[in-house]
Amino acid sequence: MAYLQPDKEGKVYLPAIRTAKENGQKLVCLTAYDYPTARIVDEAGVDIILVGDSIGNVIHGYGNTIPVSIEEILSACIAVKRGTERAMVVCDMPFGTYHVNEDESVRNALRLMKYGGAEAVKLEGGRNRVPLVKRLVSEEIPVVAHIGLTPQSVYKMGGYRVQGRTAEQAKLLIEDAKMLEEAGAFAIVLELVPREVAAMIRGELSISTIGIGAGLECDIQVLVLHDLMGMTFGRQPRFVRQYANLRQVMTDAIHTWTADVKSGAYPSDDESYGLTAETKKEMAAK
Ligand code: KIV
């Protein structure tokens, strides 16, 4: 069995997300892809853990999310679920796992829930996903929608650019969001859209908006954990605020350990195992 954690007091399920929205209480969401980071994120009180297909960039170094497979995200989800007691675990449906037909999409979403322990799935796209969202929801699969910049469309979009900048594009995004809400999504990620457009979308919906690069108005903020922690490489988008430099912390620790090994300071006697006096005597007598 992939997960055995009992529900922790205050375990976050759908009703908790709805209540927070009704009370105007902001929530936080971070990605995690393995057991130790899931535990740290969960124990820090984060409300939603997203097993994002950003695993393709952050963990596997693919450069984008297109190659991520169901097996990769399933394995990550199992580990995250084991490390999580309170947060809601949402798992991304990778590119290609919900594109062929509805039955196959349902089967893949069910795999993420049954074997991965996901409590909801996330998929990218606007009005084109409405029939699928309806179907998934009718099969008891909670769905988070994702519009604006949808990284799985990187080749079609020709890069990672702010979406919804013109009045016409903004109107389409607002319509998409409303249609996805009507289809049954319980929350919607707004990625890289102007803050005014995110605020308009939020104003039109009763479900929670989850913003990334979408300004302050969203009900929930999400970031990629490794961006927040300074563990990603290359130029970061404008919306990333780095709260720690774990890359530097790790590099310093590795340098210090290497120097200790080379100077003979590691391992000390306390960090290794010795023979008992009795065994030493016995060996000397032979
Ligand atoms: O995969 C991911 O990390 C995401 C977030 C950026 C929302 O989809």
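Just so it is clear, none of the values below were taken in a lab; they were calculated from the coordinates. Remember, predicted model here, so these are calculated numbers, not experimental data. A quick note on method: Cβ atoms are made from the backbone with ideal geometry, for glycine too, and the neighbour counts reach across all protein chains shown.
Less than 15 Å Cβ to Cβ from Thr84, Lys/Arg counted +1 and Asp/Glu -1: what total charge do the surrounding residues give? All intermediate terms of the calculation are to be shown ahead of the outcome.
Values: positive: Lys8, Lys11, Arg39, Lys81, Arg82, Arg86; negative: Asp7, Glu9, Asp34, Asp42, Glu43, Asp47, Glu85, Glu119.
Charge balance in the 15 Å sphere: -2.
Test of the criteria: in region 222-276, which trypsin sites (Lys or Arg not before Pro) are in a DSSP loop and have at most 14 other Cβ atoms within 10 angstrom of their Cβ? List each step's numbers first, then the result.
Numbers: sites: Arg235, Arg238, Arg241, Arg247, Lys262; in loops: Arg235, Arg238, Arg241.
Taking region 222-276 and a limit of 14 other Cβ atoms within 10 Å, the loop trypsin sites (Lys or Arg not before Pro) found are Arg235, Arg238, Arg241.
Connecting C-alpha atoms closer than 10 Å in a GNM of the chain, tell me which of Met113, Met88, Met229 has the biggest fluctuation.
Most flexible of the set in this elastic network: Met229.
Roughly how big is region 130-267's charge dipole about its Cα centre, with Cβ charges of +1 (Lys, Arg) and -1 (Asp, Glu), in debye to the nearest 20? Present the calculation step by step, with values, prior to reporting the outcome.
Numbers: 14 positive and 15 negative charges, 109 e Å.
It comes to approximately 520 debye.
Which value in Å does the Kirkwood hydrodynamic radius of the chain take, with 1/r averaged over all unlike C-alpha pairs and then inverted?
Working: mean 1/r = 0.0487 Å⁻¹.
Taking every pair of different Cα atoms in the chain, averaging 1/r and inverting gives 20.6 Å.
Explain nothing, just the number: relative contact order of region 131-286, from Cα pairs under 8 Å at least 6 residues apart, as a whole percent.
Working: 193 pairs, mean separation 23.3, N = 156.
Reported as a whole number, the value is 15 percent.
Taking θ = phi - 60°, what integer Hz values does the Karplus form 6.51 cos²θ - 1.76 cosθ + 1.60 yield along region 119-131, in sequence order, with x for Gly and Pro?
9, 6, 10, 10, 9, 9, x, x, 4, 5, 9, 4, x
Quick query: amide H of Ala32 versus all other amide H atoms, modeled in the peptide plane; which residues come in under 5 Å with a sequence gap of 5 or more or a different chain?
Distant-sequence amide H within range of Ala32: Leu50, Val51, Gly52.
Can you work out the FRET efficiency for the pair Glu182 and Asp7, with r the C-beta to C-beta distance and R0 = 51 Å, to the nearest 0.05? Could you put the intermediate results ahead of the total?
Working: r = 31 Å, r/R0 = 0.60.
Efficiency at R0 = 51 Å is approximately 0.95.
Show that you can apply the helix-only estimate: for the chain, add -39,500 (n - 2.57) for every DSSP H stretch of four or more residues, divide by all residues, and state [θ] at 222 nm to the nearest 500. Each step should come with its number before you reach the end.
Numbers: 12 runs with 119 residues, N = 286.
Roughly -12000 deg cm²/dmol at 222 nm, from the helical runs in the chain.
For Ser206, project a label point 7 Å along Cα to C-beta. Then give me every residue of region 74-101 with its amide nitrogen under 15 Å of that point.
none
Note the full-extension length gain between Ala265 and Asn23 as 0.36 nm times their separation in residues minus their Cα-Cα distance, in nm to one decimal.
Value of the extension gain: 81.5 nm.
Once the piece of chain linking Thr251 and Thr279 is laid out straight, how much longer is it, given 0.36 nm per residue of separation minus the C-alpha distance between them? Each step should come with its number before you reach the end.
On the way: separation 28, 0.36 × 28 = 10.08 nm, distance 4.10 nm.
Using 0.36 nm per residue and subtracting the Cα-Cα distance, I get 6.0 nm.
Specify the inter-centroid distance of region 227-280 and region 77-97, based on alpha-carbon positions, in whole Å.
Measuring centre to centre over Cα atoms gives 28 Å.
What percent antiparallel are the DSSP beta bridges of region 14-246, to the nearest 5? Let's see the in-between values first.
Values: 1 of 31 bridges.
Close to 5 percent.
Give a residue-ordered list of calculated ³J(HN,Hα) values for region 135-143 (Karplus: 6.51 cos²θ - 1.76 cosθ + 1.60, θ = phi - 60°; whole Hz; x for Gly, Pro).
Each residue of region 135-143 in turn: 5, 4, 5, 5, 9, 6, 9, x, 10 Hz.
Measuring from label point to label point, each 7 Å out along Cα→Cβ, what is the Ser69 to Val240 span in nm?
Taking the two extended label points, one gets 2.7 nm.
Taking 8 Å as the Cα distance limit and 6 or more residues as the minimum spacing, I'd like the relative contact order of the chain as a percentage.
Values: 502 pairs, mean separation 41.5, N = 286.
This gives 15 percent for the chain.
Relative contact order for region 210-260: what is it in percent, counting Cα pairs under 8 Å that are at least 6 residues apart? Walk me through the numbers on the way to the answer.
Numbers: 42 pairs, mean separation 13.8, N = 51.
Once divided by the residue count of region 210-260, the mean separation gives 27 percent.
Among 184-197, 18-31, how do they line up from the highest to the lowest mean number of other beta-carbon atoms within 10 Å? Numbers along the way, then the final one.
Working: 184-197: 23.1, 18-31: 16.3.
Result, highest mean first: 184-197, 18-31.
Hey, what do the phi angles of region 89-104 turn into as Karplus ³J(HN,Hα) couplings, whole Hz, using 6.51/-1.76/1.60 and θ = phi - 60°, x for Gly and Pro?
Each residue of region 89-104 in turn: 9, 10, 10, 5, 8, x, 3, x, 9, 9, 10, 7, 7, 5, 4, 5 Hz.
How large is the convex hull of the Cα atoms of region 1-148 per residue, expressed in Å³ as a whole number?
Values: hull volume 17.5 nm³, N = 148.
For region 1-148, the hull spanned by Cα atoms encloses 118 Å³ per residue.
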